[in-house]
Structure formats: C-alpha cells, structure tokens
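Asker: Got a structure here, written out as structure tokens. Questions coming.
Nothing in this text is a laboratory measurement; each read-out follows from the coordinates by a stated rule. Computed from a predicted structure; not experimentally measured. FYI the Cβ positions are ideal-geometry reconstructions off the backbone, even for glycines, and counts take in every protein chain you see.
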Amino acid sequence: MRETFSTDDLQPAAGGGLLHRRVLLKAGLILASAGAAQPALAAAGKKPAVESDLAHPSWTREPGQPFTNYGLPSKHEAAVMRSVGANHDVPGNGVSWTPLESLEGILTPAGLHFERHHNGVPAIDPAQHRLVIHGLVKQPLMFTVESLLRYPMTSHLIFVECGGNSNAGWHQEPIQRPVGSFHGLVSCSEWTGVPLSILLDEAGLDPKALWAVAEGADAMLMNVSIPVEKLMKDCIVALYQNGERIRPENGYPLRLIAPGWEGVLNVKWLRRIQLTDQPVMARNETAKYTELLPSGRSRMFTFVVDAKSLLTSPSCGQSLSGPSVYELKGLAWSGRGRIAMVEVSADGGASWTRAQLQDPVLPRCFTRFRAAWKWDGQPAVLKSRATDETGYVQPERAALVAERGRHGYFHYNAIVSWGVDAEGKVSHVYA
Amino acid sequence: MSKSAKAVCTLIAAISILAGPATAGKLGLGQSATPVEIAAWDIDIRPDGQGLPKGNGTAAQGEEIFQTRCAMCHGEFGEGKDKWPVLAGGAGTLKEDRPDKTIGSYWPYASTIMDYVRHAMPFGNAQSLTNDDLYAVTAYLLQLNDIIKDPNFALNEKTFLSVKLPNEGGFYEDDRDTSEKQFWRKDACMKDCKKSVEVTGHASVVDVTPDGKSGPKVD
C-alpha cells in the first residue's frame with residue numbers, strides 16, 4: 001500500500017512553496033493543474049445552463065458510430081494541432097510546431113510531430129524512390145524501398161529537435177506564446193528501420209571514407225554532411241514512425257535517423273548517401289545551423305543536442321485558478337544520453353528541489369518529470385533545470401548569453417522561466 | 001501452449017536453423033549502381049572542386065539570367081523582395097550588434113553557393129539551370145558581393161578555385177566540450193542562489209493562430 005499523504009508533506013522543500021518529490025508517491029494528495037486560458041475551457045466542468053441528464057446521456061442509449069479504417073482524434077480535441085509558421089508567399093517554406101502544452105507522456109503523435117520544410121512535402125511514389133549509396137565504397141548500391149523492408153530492423157525511441165528550436169530565446173524581450181509555439185520544434189517518436197551499418201557494410205567502406213553527404217528528395221534536394229563514425233554507430237534508415245510507415249511530412253518513405261543529433265541531420269525523404277573524405281560544406285552546415293559567436297567567428301558541426309528541459313504546465317498563456325497545490329510537469333531531453341536529474345524552482349532560481357522522473361528514462365528520448373507546488377497566490381517564477389548523465393547542467397539564460405552572445409540563432413537550450421502573477425496568469429519571463 | 005502454436009514454434013525454429021548460415025553473410029538486396037547512373041544523381045560540389053561540372057559563365061551573362069529567373073524574389077540587386085532572402089551586402093557586420101549574414105558576408109566557399117543553387121534554385125523550378133547558366137549566375141552573385149570585380153571574368157571548372165570568400169576562415173569545429181566546460185558541473189546551486197531575482201517580462205500579447213499568420217523567423 002502506498003503511504004498516505006499527511007499535512008507534514010506540505011512543508012516546502014524549496015522557496016516559493018515547492019514540495020518534496022516524495023509527495024507524488026503518496027496516496028491522498030490531489031493536485032490541481034494549470035488550465036488553458038480560453039474562457040470556453042475554463043467553463044468546462046461547470047454545469048450547463050440547460051440541465052441535461054448526466055446519468056443517461058444519449059450515447060448510453062443509442063448505437064454509436066461504426067468502425068473506422070483509420071481512427072482520428074475526437075472532434076472535441078480539434079483545437080489540438082500544430083501551429084504553422086510559414087512564408088506567406090510559399091506555404092511550403094517554414095515550420096510547424098508541436099503543441100507541447102496539450103500533450104502528456106513522452107510520445108508525440110505522428111500527426112503532431114513538428115515539421116521543417118524548405119519547399120513543401122514531396123509526393124513521393126515509393127515504387128519510384130531509390131536510396132543510392134556511393135562514393136568511397138567498394139560497390140555502389142541502389143536500394144528499392146521494397147528491398148529495404150526485407151532487412152532486419154531496430155527501433156529507437158528518440159527525440160528529434162530542430163537546431164533552430166527555441167531561437168526566440170535569444171530575443172531581448174521574452175516572446176509571449178504557448179510553449180509549443182516557441183519550443184515545439186522538438187518531438188519524440190519510436191523510429192524503426194534498418195541500421196545503416198548493415199547497408200554500408202554491404203557497399204564496403206573505403207578506409208578514407210570519414211564523412212558522408214546525405215541528401216533528401218524534396219524540391220531542393222536538401223544535402224548535409226555527417227561523420228561516418230556516427231552513421232556506423234547508431235544511425236538507421238527509418239521506414240516506420242510510432243509503428244506505422246513514416247508520414248509524408250516526416251520523410252516518407254525513408255528518413256535518416258541520427259539519435260541525439262540536431263534535426264537537419266535526420267534527413268527526410270532520404271535518397272542518397274555519398275561517402276567522402278571531407279564534408280561538402282553545403283548551405284545547411286555553413287550558412288545555417290552554425291552559431292555566430294561574439295568573436296565574429298562561428299561554430300560549425302554542432303551536432304549533439306545539449307540537455308534541455310521546460311515546464312509544459314503551467315506554461316505561458318495558461319492560468320491557475322487560485323491558491324492550491326499544483327502539479328508541475330514538463331519534459332527534459334539530452335542528445336548526450338539519459339536525463340540524470342531535473343530540478344524545479346518556484347522563486348526564479350533562488351532555490352531548487354528535485355522533480356520526480358517518470359519511467360521510462362531512456363537515452364536521447366523525452367523524459368517526463370513532475371513536481372508538486374503549493375501556490376500561495378503570490379507572484380512566482382517557475383523554472384526547470386535538467387542534468388544529463390554526462391553531468392551537463394542546463395544553463396541559466398544569463399549564463400548562456402554571457403557565453404554565446406545573442407547572435408548564434410541556433411541551439412538555444414537555456415532554462416525557461418514562467419512568471420505567475422497574483423491572478424494566476426502565466427507568462428514567459430526572463431529571470 | 002496450444003498444439004498449433006507449438007507447431008508454429010517448431011516451424012520457426014526449423015526455418016531459423018535453415019536460414020542461419022545464409023543470414024550470417026549479406027542479404028545483398030541492393031542492386032549495383034553504375035558510374036553513369038550515379039552521375040545523374042550526384043550533383044554535390046565541394047570546396048576542393050570535386051563535383052564541378054564542365055561549363056563556363058561570366059557575371060555579365062549571369063546578370064541577364066538573374067533578372068529573368070531570380071530577381072522576382074531576390075530583387076534586382078539581390079536585396080531581397082518582401083520576405084525573400086537577401087543575397088548581397090553585410091560585409092564586415094559579423095561582430096556588430098545586427099550582423100547581416102549573406103552569401104558574401106558569411107558563407108565560407110563559392111562552392112557552397114554553387115552547390116546550393118544547383119540543388120535548390122530557382123525556387124519552384126529547381127535543377128533547371130544549365131551548367132553554363134550555373135557558372136554565370138554564380139559569377140553574378142559573386143559580383144553583387146564585390147568578390148568578382150570584372151564582369152567578364154570567366155568562371156569555370158578551371159578558374160573556380162581562385163575565388164575565395166572573405167569569411168572562409170570564420171568557422172571552426174564544435175568545441176563545446178572545452179569552451180563550455182563550465183556547463184558540466186557538480187556544484188549546481190540548490191539554495192540562496194541569488195540575492196534578488198530580476199524579472200524581465202510581459203512583452204507582446206499571446207498570439208498564435210493555427211493559420212500560421214505569425215511566427216518567428218526560422219532559417
């Protein structure tokens with residue numbers, strides 16, 4: 001039996017009313033959650049104006065809908081969608097964000113996985129799609145999709161994060177948007193496919209092959225270089241996402257998956273891998289995804305994603321309905337491995353206490369964390385701080401800006417701060 | 001276990017024994033690709049010149065091509081129309097408060113420009129330039145950025161490597177393990193971490209509509 005919660009457990013473990021994470025393991029404590037700010041949702045749960053018979057709604061008496069060949073979310077969840085930020089003149093050039101604030105657990109539904117396209121989603125006929133492996137190999141090879149489906153496969157439960165995610169964090173003023181529309185160029189899926197090492201072994205690597213150039217079949221043939229060591233270690237040619245064939249916008253029929261490395265390397269619509277002795281220095285590894293630093297010089301090949309975390313609830317745009325004990329919940333991830341610890345603060349980072357990590361805690365995968373917070377109705381600033389298994393600690397924004405300046409544009413991973421005002425409204429702040 | 005399930009297991013065992021030696025080698029389901037086939041696929045161009053196609057063009061020729069095939073988006077002088085990318089300018093701004101990262105001020109190699117245009121431009125009709133057009137338009141972009149001064153300079157696979165971009169030395173490989181060593185720490189503060197907490201907040205209103213009317217710029 002679980003230990004029962006007692007009022008002693010309401011003794012704060014850190015400033016601003018944060019409780020010890022053990023309370024989450026006890027029975028009897030009911031936690032409130034921050035809600036969406038929309039009035040319609042705030043009213044949910046209140047009794048409707050016209051009293052209906054809640055004990056006998058129509059669906060308990062009349063036959064329901066017939067079977068469907070492919071299920072869709074409830075029409076009552078229609079507001080949960082990706083928000084799109086695209087170029088007006090070319091709708092296929094831009095991004096769409098995962099609504100992190102509306103999701104729970106660690107897996108992103110395929111239809112809500114973030115997108116970054118340069119020139120739309122190609123309408124690929126899998127029968128006419130090929131993967132060519134050439135360059136510094138003994139035998140150049142061309143694979144059909146059909147043939148790749150016959151190779152042994154493996155799965156990785158991993159996040160993919162765009163190198164440009166969270167870039168509004170560099171702005172001088174905190175942007176006011178739902179967390180997903182600011183940090184939602186990251187999603188987490190189960191990717192299944194053929195270990196690339198098998199295919200490269202079949203082609204026979206030349207010892208001089210230290211790099212590879214991977215290319216996608218979109219209307220700009222997006223190409224990018226990646227070290228062969230990584231390809232041989234854990235990259236896969238993915239065919240499946242969350243159990244089904246990859247969605248067109250996520251790379252159908254083939255996607256290169258490079259666990260823990262920035263999004264652009266996870267080449268969608270993969271069609272060609274050229275083995276080389278040096279990188280090609282394409283636009284997307286020089287002009288983009290490089291960080292201009294205060295010295296006026298730029299870091300390139302910033303492949304591994306630094307540890308990062310954020311609270312998805314409460315989060316910007318939500319509101320708290322008065323003093324109570326609230327559940328804080330969020331996501332943490334690191335391209336270097338497992339999340340070792342997440343700490344939370346309710347006083348703007350003056351004091352911290354550990355959050356509870358929810359199983360499973362997997363390397364290069366979203367980790368869900370939770371904490372309990374007794375809010376007394378005073379203004380507060382909520383933060384979370386991730387530490388990964390290599391000992392990397394997510395930096396405060398001031399420390400990151402001091403190190404990198406504000407013009408790096410890419411790879412922003414600083415601690416995220418949510419301000420709660422006396423009315424319970426949550427906004428994005430720097431603190 | 002039911003009888004039929006047992007039978008299936010036995011069958012699988014039998015198959016794997018039979019298949020064992022065969023799968024230990026290669027599946028070998030890829031078809032060999034010939035150099036001619038690969039030539040049609042491989043359009044990468046590298047800084048050392050590998051991949052440069054045979055062809056020739058000058059900035060003067062490139063200007064004409066640019067005006068008909070590129071200027072409607074990038075502007076007559078590469079200044080960028082509406083939200084389309086700017087293709088010139090920004091020289092010497094990389095240390096300033098508003099760095100202007102263009103192909104002239106930021107990109108490291110002329111090959112990066114040609115590789116990109118060859119893969120992706122003109123936007124909406126990619127891979128439609130002839131090799132001569134490709135050299136010509138690249139020469140014009142270099143002229144717009146004051147890198148090629150003579151409009152009649154013949155850019156081709158032989159002269160290409162003589163063209164250097166100013167920011168070639170401006171990049172270095174990921175060094176976070178050393179330069180950001182301070183972020184690996186065992187002493188992350190737990191209490192009394194700050195004397196006072198300064199809060200900067202409340203900029204603009206919450207405005208995210210699913211129709212994509214808003215959104216920070218993402219390159």
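Asker: For A:ALA346, what charge total do you get from the other residues with a beta carbon under 12 Å from its beta carbon, if Lys and Arg give +1 and Asp and Glu give -1?
Answerer: Once all neighbours under 12 Å are counted, the net charge is -1.
Asker: Order these by the 10 Å Cβ neighbour count, fewest first: A:LEU200, A:LEU54.
Answerer: A:LEU54, A:LEU200
Asker: Considering only C-alpha atoms, what is the centroid distance from the stretch A:186-248 to the stretch A:408-422, in Å?
Answerer: The stretch A:186-248 and the stretch A:408-422 have Cα centres separated by 32 Å.
Asker: To continue, here is another question. With charges set only on the Cβ (+1 for Lys and Arg, -1 for Asp and Glu), what does the dipole of the stretch A:308-429 come to about its Cα centre, in debye to the nearest 20?
Answerer: The dipole magnitude comes to about 360 debye.
Asker: Using a 10 angstrom cutoff on alpha carbons, build the Gaussian network for chain A and name the most mobile of A:ALA13, A:ALA127, A:ALA399.
Answerer: A:ALA127
Asker: Further question on the same structure: What's the long-distance tail for the stretch A:247-327, i.e. % of Cα pairs beyond 14 Å?
Answerer: Every Cα pair in the stretch A:247-327 considered, those over 14 Å come to 77 percent.
Asker: If you don't mind, another one. Pick from A:VAL95, A:VAL80, A:VAL344: which is most flexible by mean-square fluctuation in a GNM of chain A where alpha carbon atoms under 10 Å apart are linked?
Answerer: A:VAL80
Asker: Straight-line reach from B:LYS149: which lysines have a Cα under 20 Å away, not including same-chain ones fewer than 8 places off?
Answerer: B:LYS158, B:LYS164
Asker: Could you tell me which residue out of A:TRP211, A:TRP269, A:PRO323 lies farthest along the dipole of the protein assembly as shown toward its positive end? Charges go on the beta carbon: Lys and Arg +1, Asp and Glu -1, centred on the Cα centre.
Answerer: A:PRO323
Asker: Then there is this: Taking the Cα atoms of the protein assembly as shown alone, what are Rg (to one decimal) and Dmax (as a whole number) in Å?
Answerer: Using the Cα atoms of the protein assembly as shown, the pair Rg, Dmax is 27.2, 86 Å.
Asker: Right, next: Assuming R0 = 35 Å, what is the FRET efficiency of B:LEU29 and A:LEU107, from their Cβ-Cβ distance, to the nearest 0.05?
Answerer: 0.70
Asker: Within 10 Å of each candidate Cβ there may be at most 16 other Cβ atoms; applying that plus a DSSP loop requirement, which trypsin sites (Lys or Arg not before Pro) in the stretch A:202-287 survive?
Answerer: For trypsin sites (Lys or Arg not before Pro) across the stretch A:202-287 that sit outside H, G, I, E and B with at most 16 neighbouring Cβ atoms in 10 Å, the list reads A:LYS208.
Asker: Something else: Between A:ARG354, A:ARG338, A:ARG404, which gets the highest mean-square fluctuation from a Gaussian network model of chain A, Cα cutoff 10 Å?
Answerer: A:ARG404
Asker: Still on this structure: Quick one: dipole size for the stretch B:54-168, taken about the Cα centre, charges +1 on Lys/Arg Cβ and -1 on Asp/Glu Cβ, in debye to the nearest 20.
Answerer: It works out to roughly 240 debye.
Asker: Given labels modelled 7 Å from the Cα in the Cβ direction, how far is it in nm from B:ARG185 to A:GLU423?
Answerer: 3.7 nm
Asker: For A:LEU19, what charge total do you get from the other residues with a beta carbon under 10 Å from its beta carbon, if Lys and Arg give +1 and Asp and Glu give -1?
Answerer: Counting the neighbours of A:LEU19, the net charge comes to +2.
Asker: Treat every Asp and Glu Cβ in the protein assembly as shown as -1 and every Lys and Arg Cβ as +1, leave all other atoms uncharged, and give the resulting dipole magnitude about the Cα centre to the nearest 20 debye.
Answerer: 1460 debye
Asker: With no solvent and one point on each alpha carbon, what is the Debye value of log10 I(q)/I(0) for the stretch A:130-299 at q = 0.09, 0.18 Å⁻¹?
Answerer: At q = 0.09, 0.18 Å⁻¹ the computed log10 ratios are -0.33, -1.15.
Asker: Would you work out if the stretch A:308-429 is rounded, prolate or oblate? Take a ≥ b ≥ c from the square roots of the eigenvalues of the alpha-carbon gyration tensor; rounded if a/c is under 1.5, else prolate when a/b is larger than b/c, oblate otherwise.
Answerer: Because a/c hits 1.5 or more and a/b fails to exceed b/c, the stretch A:308-429 counts as oblate.
Asker: Roughly how compact is the stretch B:54-168, stated as its Cα Rg over 2.2 N^0.38 Å to two decimals?
Answerer: Ratio of Cα Rg to 2.2 N^0.38 Å: 0.99.
Asker: When Lys and Arg each count +1 and Asp and Glu each count -1, what net charge do the other residues less than 11 Å away from B:ALA88, Cβ to Cβ, add up to?
Answerer: Combined, the nearby Lys, Arg, Asp and Glu give -4.
Asker: Under the definition of partner shielding as Cβ atoms of other protein chains within 10 Å of a residue Cβ, what is the mean value for peptide B:167-176?
Answerer: Partner Cβ neighbours, averaged per residue: 6.
Asker: Once both labels are modelled 7 Å past Cα along the beta-carbon direction, what's the A:ALA123-A:GLU403 spacing in nm?
Answerer: 4.7 nm
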